[in-house]
Amino acid sequence: MSAHTDLIRRLIPDLDSYLGSDLPVYSPIDGQLLVTLKVDSQSSIDDKIARSVSAFHQWREVPAPQRGELVRRLGEALRTHKEDLAKLVTLECGKILEEGRGEVQEMIDICDFAVGLSRQLYGLTIASERPNHVMQENWLPLGPVGIISAFNFPVAVWSWNSCLALVCGDPCLWKPSEKTPLTALACQAIFDSVAEGYPADLSLVILGFAEQGDQLVSDSRVPLISATGSTRMGRAVGPKVAARFGRSLLELGGNNAVIVTPSADLGIAVPSILFGSVGTAGQRCTSTRRVIAHESLIGPLYESLSKAVSQIGETKVGDPLEASTLVGPLIDQAAFDGMQSALDRIRPVAKAITGGERTREDLGTGAYYARPAMVLLSENSAVIEEETFAPITYLIPYRTLEEALEIHNSVPQGLSSAIMTTDVREAEYFKRHSDCGIANVNIGTSGAEIGGAFGGEKETGGGRESGSDSWKAYMRRQTSTTYFGRERPALAQGITFDV
Ligand code: NAD
């Protein structure tokens, strides 16, 4: 047990019941082992899915506003545990504490959103072509929702899915990342603390790796799989769910770009690009990977960005629990190796590279900290079509806005995009031509509010979750026509069928 035992035990009072020898959990802060857990067996996953189905049969009968009351209580409990949970997020995934707090705040925000939503799960009344008929579209609970989440947003993604699913009448089965199971157990304990008096098993955690996730994905008792992670994972999950006619909501990798035009206010552009590039050590699906800058300003922009990342690299990379740190560790050695291999591949064609080296080895030999990297290119390159989940940003020049959008849309992913401009024509052209699910103006690619629908196109998977009408993914739509006349009802399309 490590020095962080108190925090872990405070958040997970029944920790002992999860201990085992299958799943070692390390903190990326110092590479130290935190605990070793056991993973769910095939039969325990099977049992959990059966329990979730029973919970569904009870939960769907509870009026939606009463379901919302459970989520309201969850939001209150999260407020109480915000600081502790934020620390555990930092301890387990390495994002700086300020961002850990932001992640828990996002959970609280989605609880509030879902509570309001629980009174607004509206359908439609549609004009019928037949007299004395009323046609309606009703939204009904769907069934157990399988949630598979990535390490980099270890708790927010669960709350985006589960809060909406719960008010929609669906219990949840959550397979968190094998790199961040403790935050999941902490969320389960917080959920359990408010769930007394409600049907049992509305929320269950399944611990394990891809194999355990696959069992959930393959089970036809789970009508919706909401999976967040790499495109590689989505390629395995999507077809499996489709083969059993289930629904999937895929939130996969990004390769996000900011276009900087000659009219941009650089006082706004530079800090936005910096946060997008180096925030969360470049480990956000919405991190800024590419800056597509007009040829007239790419040189000075590279100078100011590389100066800023050098300063961050020298003084602000370190222990994410320290208040002065801006960039914490990469999640593990594989992430660091991936960063180095991406830099090695781009080096032969790069005009200049700043940063990228390993640093802060004093914090632990098993901890991987990297100086953020800026790479100046003279033209677009196929090397940057892949997502590297690390703080590397490539600067690419463009001559016309049409060319900028062509470069922008040339990657296989389509999550988040941004333009820095003070010209309304450029802004509107960009919004219409960006092929991403998110298109921002004078705001970076990283960091979204929960009120909007979140997700992306192409290899990002096409899913939408969180705000707007994303709730519809968690319900089934039923069209219902009722006849309230006294005569024999007319048939649609004026068909006569007299016997
Ligand atoms: P990952 O794909 O390695 O793992 C994600 C989850 O999928 C884990 O829980 C893992 O156990 C599970 N999994 C992997 N293969 C599976 C399979 N065949 N069947 C079932 N489950 C499987 O991703 P990661 O390294 O944890 O996270 C980083 C990736 O996630 C990046 O690509 C990032 O862009 C993406 N991401 C996307 C979003 C988004 O909203 N679009 C949000 C966060 C992270």
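Every number in this text was worked out from the coordinates using simple rules, so none of it is lab data. Quick caveat, the model's predicted, so the values are computed rather than measured. Please note: Cβ atoms are built from the backbone with ideal geometry, for glycine as well, and neighbour counts cover all protein chains shown.
Just check the stretch 358-499 against the gyration tensor rule for me: Cα atoms, a ≥ b ≥ c as the square roots of the eigenvalues, rounded for a/c under 1.5, and otherwise prolate or oblate depending on whether a/b exceeds b/c.
Taking the square roots of the gyration eigenvalues as a ≥ b ≥ c, the stretch 358-499 is prolate.
Provide Lys316, Lys431 in ascending order of the number of other Cβ atoms located within 10 Å of each residue's Cβ, fewest first.
With the sparsest Cβ surroundings first, the list reads Lys431, Lys316.
Would you order Arg247, Arg235 from fewest to most other beta-carbon atoms within 10 Å of each residue's own beta-carbon? The partial results should precede the final answer.
On the way: Arg247 18, Arg235 14.
With the sparsest Cβ surroundings first, the list reads Arg235, Arg247.
Note the per residue figure in Å³ for the convex hull of the C-alpha positions in the stretch 256-441.
105
Would you mind pulling out the separation of the Cα centroids of the stretch 1-33 and the stretch 176-217, in Å?
Centre-to-centre distance over Cα atoms comes out at 16 Å.
Which of the three applies to the stretch 339-418, rounded, prolate or oblate, going by the alpha-carbon gyration tensor with a ≥ b ≥ c and a/c under 1.5 meaning rounded?
prolate
Once each part is reduced to its C-alpha centroid, what is the distance from the stretch 220-256 to the stretch 300-323 in angstrom?
36
For the chain, compute Rh as the Kirkwood radius over C-alpha pairs and then the Stokes-Einstein diffusion coefficient at 10 °C and 1.306 mPa s; write the answer in µm²/s, rounded to an integer.
Numbers: Rh = 24.0 Å.
The calculation lands on 66 µm²/s.
Over the stretch 10-81, what relative contact order in percent results from Cα pairs under 8 Å that are six or more residues apart?
RCO, the stretch 10-81: 18 percent.
In percent, what relative contact order does the chain have, based on Cα pairs under 8 Å that are 6 or more apart in sequence?
With pairs under 8 Å counted, the relative contact order is 18 percent.
Local charge sum around Phe430 (other residues, Cβ-Cβ under 14 Å, Lys/Arg +1, Asp/Glu -1)?
Computed value for this residue: -4.
Tell me what the chain gives for mean residue ellipticity at 222 nm when only DSSP H runs of n ≥ 4 count, each as -39,500 (n - 2.57), the sum divided by the residue total, rounded to 500 deg cm²/dmol.
My calculation for the chain gives -12000 deg cm²/dmol from helical runs alone.
So what are the ³J(HN,Hα) numbers for the stretch 87-95, from phi and the Karplus equation (6.51, -1.76, 1.60; θ = phi - 60°), rounded to whole Hz, Gly and Pro as x?
In residue order, the calculated couplings are 5, 5, 4, 4, 4, 8, 10, x, 6 Hz.
Restrict the search to the stretch 149-230; then list the GluC sites (Glu not before Pro) that DSSP places in a loop and that have at most 11 other Cβ atoms within 10 Å of their Cβ.
Passing both the DSSP loop test and the Cβ count: Glu196.
What does DSSP give for the stretch 256-441 in terms of the percent of beta bridges that are antiparallel, rounded to the nearest 5?
Antiparallel bridges make up about 25 percent of those DSSP assigns within the stretch 256-441.
Identify the trypsin sites (Lys or Arg not before Pro) of the stretch 41-132 meeting these criteria: DSSP loop state and at most 12 other C-beta atoms within 10 Å of the C-beta. Please list the in-between numbers first.
Numbers: sites: Lys48, Arg51, Arg60, Arg67, Arg72, Arg73, Arg79, Lys82, Lys87, Lys95, Arg101, Arg119; in loops: Arg60, Lys95, Arg119.
Of the trypsin sites (Lys or Arg not before Pro), the ones in loops of the stretch 41-132 whose Cβ has at most 12 other Cβ atoms within 10 Å are Arg119.
If I fit a long axis through the Cα atoms of helix 266-278 and take the longest principal axis of the Cα atoms of the chain, what angle between them do I get, 0 to 90°, rounded to 10?
The answer is roughly 80 degrees.
What is the antiparallel percent of DSSP beta bridges lying wholly in the stretch 400-499, to the nearest 5?
50
Among the DSSP beta bridges whose two residues both lie in the chain, what percent are antiparallel, rounded to the nearest 5?
40
For a footprinting-style exposure proxy, rank Ser162, Ser446 by other Cβ within 10 Å, fewest first. Mind dumping the intermediate values first?
On the way: Ser162 29, Ser446 26.
Going from sparsest to densest Cβ surroundings: Ser446, Ser162.
Hey, how many Å between the Cα centroid of the stretch 96-163 and the Cα centroid of the stretch 348-416?
Here the two parts' Cα centres lie 34 Å apart.
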